[in-house]
Structure formats: C-alpha cells, structure tokens
Amino acid sequence: MHEYTVAYDIYATAKRAAADNGATLVKVVHVDVGEISMINPEQVEFLFEALCEEDGLFKGAKLKTTTVPVRSECRCGYSGSEKYVCPQCGNMPEIVEGREILVTNIEIEVEDE
C-alpha cells in the first residue's frame with residue numbers, strides 16, 4: 001500500500017513548508033498527480049486527512065489533487081500523449097510528464113504581527 005507512503009510524504013512536505021513560513025494553520029495542500037503515477041488519489045486523500053487528524057496545525061486541512069495528463073516525446077520528433085508506441089515511427093516514446101506526484105501549493109494561515 002504505497003498510497004500511505006505518498007500521503008505521508010505530502011504531509012511531511014507540507015509540514016516543513018508550513019514551519020518555514022510561520023504557519024498557524026494549514027488549510028489546503030495542492031498536489032499534481034500524474035495520470036500514470038500508479039496511485040489512487042482518493043486513497044491518498046483519505047490517508048492524508050487521517051494523518052492530519054493528529055496534528056493541530058493541519059486541523060481540517062484538505063488535499064486537492066490535479067491530474068497531469070501524459071506527455072511524451074520521441075526521437076523522431078513526435079510530441080503528444082501516446083504512452084506505448086510512437087504513432088509516427090513505431091518506437092517507444094519517452095514519457096516527459098504524467099508520472100509525477102508533486103506538491104505545488106500550500107494554503108496556510110499566519111499570525112498577524
């Protein structure tokens with residue numbers, strides 16, 4: 001169940017960023033999830049929210065995921081969304097986007113000074 005590891009890594013990344021920026025509350029963590037990242041975003045969201053229940057800094061925090069479609073390129077010059085076989089030359093294209101899991105933004109509250 002690697003979804004737990006992914007959820008924990010997202011939580012840890014958000015916690016570090018929140019601490020670095022003096023957050024008093026983390027509201028939303030935005031994550032890009034590649035179409036072929038081989039994780040279930042709903043399970044990651046559930047596990048992330050379960051991790052947040054134990055941490056007052058994350059009380060009520062939500063995880064918002066955006067699916068990143070596959071983008072591939074081939075030596076022949078093809079660029080598109082083919083995952084397995086280049087439609088121009090028949091070779092295997094290189095996947096350039098669509099496998100990542102990336103924290104892109106964190107919405108936080110900070111104390112007014």
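When Ser37 is tested against (1) exposed (fewer than 15 other Cβ atoms within 10 Å of the Cβ); (2) of a type in the set (Ser, Thr, Tyr); (3) assigned to a loop (DSSP other than H, G, I, E, B), only condition (1) is not met. Candidates in the stretch 9-34 are the residues that are touching a strand residue (DSSP E or B) at 6+ places or on another chain (Cβ under 6 Å), farther than 12 Å from Leu102 by Cα and of a type outside the set (Ser, Thr, Tyr); of these, the one that is surrounded by the fewest Cβ atoms within 10 Å (Cβ to Cβ) is Gly22.
Checking the conditions here, which among Asp9, Asp112 is modelled with pLDDT of 95 or more and among the charged types (D, E, K, R)? Spell out how you get there, then give the answer.
Numbers: Asp112 fails: modelled with pLDDT of 95 or more.
On inspection, the qualifying residue turns out to be Asp9.
Picking from Glu49, Glu82, which residue would you name as being without any contact (Cβ under 8 Å) to a residue 24 or more places away in the chain, in a loop (DSSP other than H, G, I, E, B) and not aromatic (Phe, Trp, Tyr)? Spell out how you get there, then give the answer.
Values: Glu49 fails: in a loop (DSSP other than H, G, I, E, B).
Of the residues listed, the single one that is without any contact (Cβ under 8 Å) to a residue 24 or more places away in the chain, in a loop (DSSP other than H, G, I, E, B) and not aromatic (Phe, Trp, Tyr) is Glu82.
Note on the stretch 85-109: among residues that are in contact with a Ser or Thr (Cβ under 6 Å, 6 or more places away or on another chain) and touching a residue at least 60 places away in the same chain (Cβ under 8 Å), the one that is farthest from Ala18 (Cα to Cα) is Arg99. For the stretch 24-46, taking the residues that are in contact with a helix residue (DSSP H, G or I) (Cβ under 7 Å, 6 or more places away or on another chain) and touching a residue at least 60 places away in the same chain (Cβ under 8 Å), the one that is nearest to Val70 (Cα to Cα) is identified as Val33.
Can you confirm whether Glu54 is within 20 Å of Arg16 (Cα to Cα), part of a loop (DSSP other than H, G, I, E, B), more than 17 Å from the chain's Cα centre (by Cα) and of a type outside the set (S, T, N, Q)? So that I can check it myself, show each step before the final result.
Working: within 20 Å of Arg16 (Cα to Cα): yes; part of a loop (DSSP other than H, G, I, E, B): yes; more than 17 Å from the chain's Cα centre (by Cα): yes; of a type outside the set (S, T, N, Q): yes.
The answer is yes for Glu54.
Looking across the stretch 81-99, the residues that are surrounded by 12 or more Cβ atoms within 10 Å (Cβ to Cβ) and farther than 24 Å from Pro41 by Cα come down to Val85, Cys86, Gln88, Cys89, Asn91, Met92, Pro93.
The values are calculated or read from the model by the stated rules, or taken from the named source; none is laboratory data. Predicted, not measured: the structure shown is a model, and the values here were computed from it. Ideal geometry is used to build each Cβ from the backbone, glycine not excepted, and the neighbour counts take in all protein chains shown.
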